[in-house]
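Data block below; observations after.
The values are calculated or read from the model by the stated rules, or taken from the named source; none is laboratory data. Only a predicted model underlies this, so the values are computations on that prediction, with no experimental measurement involved. Cβ sites come from the backbone with ideal geometry, for glycine too, and all protein chains shown count toward neighbours. Accessible surface areas use protein heavy atoms only, side chains included; no ligands, DNA or RNA. Shrake-Rupley method; radii C 1.70, N 1.55, O 1.52, S 1.80 Å.
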Amino acid sequence: MVPRRRATAALAALSAAACCYVTAEILPVGLLTVMAADLHRSHAQVGLLVTGYAVVVVIASFPLVRVTQRVPRRHLLAAALAVLAVATAATALAPSYPVLFAARLATALSQALFWAIAAPAVLGLFPPEVRGRMMARLSVGASLAPVLGVPTGTWLGQQLGWRAAFAALAAVCLVICAAVTALVPTVAPADGGAARGTAPDRRRYGILILLTALGVTGALTAYTYVTPFLLEVSGFAAAALGPLLLVAGLAGLGGPLLVGRVLDRYPAVGLLVPMGLLTAALLALFAVGGFPVAAIAMLALTSLAYGALPPAIAHRAFLVAPGSTDMASAGVSAAFNVGIASGSLLGAALIGWTGVRSVALAGALLTATALAVALTDIRLRPLASAAGDTPMIKASLKSS
């Protein structure tokens, strides 16, 4: 049994690694104009650095987990973070756009592996009755990226050039790689305490993948284009965008902190409530987004609800995984990235066709569909051995 102090330290190191990965993924968005000018490329071509990244994660998640399923997770996590550090350094030093694109794809490959194995590796160090709380703490790192990682990298890139931002990120990744190598114990995948779902159910897992893809597509349909929405619909000045996005980021950080309090006792509620709040917030943003104060409130609520979804979905996957939790996590990661890519593409099409306000309504319709799919899960037979599905909550959900 791993001492609780070491398990907590390993969790903190992997949460910091998650922050690095999300920062690496979306930093080109913050530095888009700077990178485009320096590389003599269009904004769309620099945007492909993010879109291509998501596509690689979708394609590579399952194959990478399958071919590495016998390798101890400590070694794999260290290797993934080493690739992240090297590829990020290569991004900073890239002499041309094709080399930069190749470095980004290498980073995406390491992320595909990281997201699939990080949670099973660390949650197996904790007893089942607290894994929801630990999953939320792991997700805090990802929520910190838009608040801390990307703004810091964007500021550094604006002051010293975009290459300096990626070089600094590579150095941080190297430090975190060393921490993970030192703190995560060497355990064979099959021997991990979270190697298998506690209540395996193939049908429920399929429902979870579907609602994840739908919900994330809906959220990203609106959130990808929140900047033009705030400018054109809400009427904010461009100078207000930075503080507004900071408000959204801070609200998103609160999502995993709040949902972590209920996941272990009421995992189904921890999934349904954020999806319901997200739907309501997007509908309200469409209806009253023209009023600045209301727009700020709904933007914060949208971020809060969306921030709660990743730990809630990941925890549900650990309950119903029909096979190994590594493969289940790979499926969830792929579904998230399908949603990210689909949402950005759908939002772009809607803006050109019906205007920017429509992205909030389209997003709400998709998340409402995801909520309906989640309710079909609840109406199935009760989970046989999920520690958190108490008789009281099962009865209350069955009657809803």
Looking at (1) closer than 27 Å to Leu123 by Cα; (2) in contact with a Phe, Trp or Tyr (Cβ under 9 Å, 6 or more places away or on another chain); (3) surrounded by fewer than 22 Cβ atoms within 10 Å (Cβ to Cβ), which is the one condition that is false for Ala12?
(2)
Of the residues in segment 255-271, those that are part of a helix (DSSP H, G or I), under 21 Å from Ser15 (Cβ atoms) and open to solvent by 20 Å² or more (accessible area, probe 1.4 Å) come to Leu257, Leu258
Test of understanding: among Arg74, Arg41, which residue is part of a loop (DSSP other than H, G, I, E, B) and not acidic (Asp, Glu)?
Arg41
Could you give every pair whose Cβ atoms fall below 7 Å, whose first residue belongs to segment 158-180 and is closer than 12 Å to Ala90 by Cα and among the basic types (Lys, Arg), and whose second residue is open to solvent by less than 20 Å² (accessible area, probe 1.4 Å) and part of a helix (DSSP H, G or I), counting only separations of at least 6 or pairs across chains?
Arg163/Ala92
Could you check how many residues of segment 44-77 are of a type in the set (Lys, Arg), touching a Ser or Thr at 6+ places or on another chain (Cβ under 9 Å) and open to solvent by 30 Å² or more (accessible area, probe 1.4 Å)?
1
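For segment 136-143, indicate whether the set of residues that are of a type in the set (Lys, Arg), open to solvent by 50 Å² or more (accessible area, probe 1.4 Å), part of a helix (DSSP H, G or I) and over 21 Å from Leu253 (Cα atoms) is non-empty.
Checked against the condition, which is being of a type in the set (Lys, Arg), open to solvent by 50 Å² or more (accessible area, probe 1.4 Å), part of a helix (DSSP H, G or I) and over 21 Å from Leu253 (Cα atoms), segment 136-143 yields no hits at all.
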Candidates Ala80, Ala92, Ala102 - the one that is modelled with pLDDT of 90 or more, part of a helix (DSSP H, G or I), open to solvent by less than 20 Å² (accessible area, probe 1.4 Å) and more than 22 Å from Asp326 (Cβ to Cβ):
Ala92
Filter result (of a type in the set (A, V, I, L, M) and surrounded by 21 or more Cβ atoms within 10 Å (Cβ to Cβ)) within segment 110-130:
Ala112, Leu113, Ala116, Ile117, Ala118, Ala119, Ala121, Val122, Leu123, Leu125
Can you find even one residue in segment 283-294 that is within 18 Å of the chain's Cα centre (by Cα), in a helix (DSSP H, G or I) and not acidic (Asp, Glu)?
no
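Identify all residues within segment 333-355 that are out of contact with any Ser or Thr (no Cβ under 7 Å at 6 or more places or on another chain) and of a type in the set (S, T, N, Q); write none if there are none.
Asn337, Thr354
Only one of Ala287, Ala295 is open to solvent by less than 30 Å² (accessible area, probe 1.4 Å) and either in contact with a strand residue (DSSP E or B) (Cβ under 6 Å, 6 or more places away or on another chain) or farther than 19 Å from Leu138 by Cβ (or both); which? Working first, answer last.
Working: Ala287 fails: open to solvent by less than 30 Å² (accessible area, probe 1.4 Å).
After ruling out the rest, the residue left standing is Ala295.
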Would you confirm whether or not segment 189-207 contains a residue that is modelled with pLDDT of 90 or more and in contact with a Gly (Cβ under 8 Å, 6 or more places away or on another chain)?
yes
Matching option when the condition is in contact with a Lys or Arg (Cβ under 9 Å, 6 or more places away or on another chain), in a helix (DSSP H, G or I) and either surrounded by 15 or more Cβ atoms within 10 Å (Cβ to Cβ) or not aromatic (Phe, Trp, Tyr) (or both), among Leu230, Leu208, Leu241
Leu208
In the list Ala341, Ala305, which residue meets the criterion of being open to solvent by less than 10 Å² (accessible area, probe 1.4 Å) and closer than 19 Å to Val22 by Cα?
Ala305
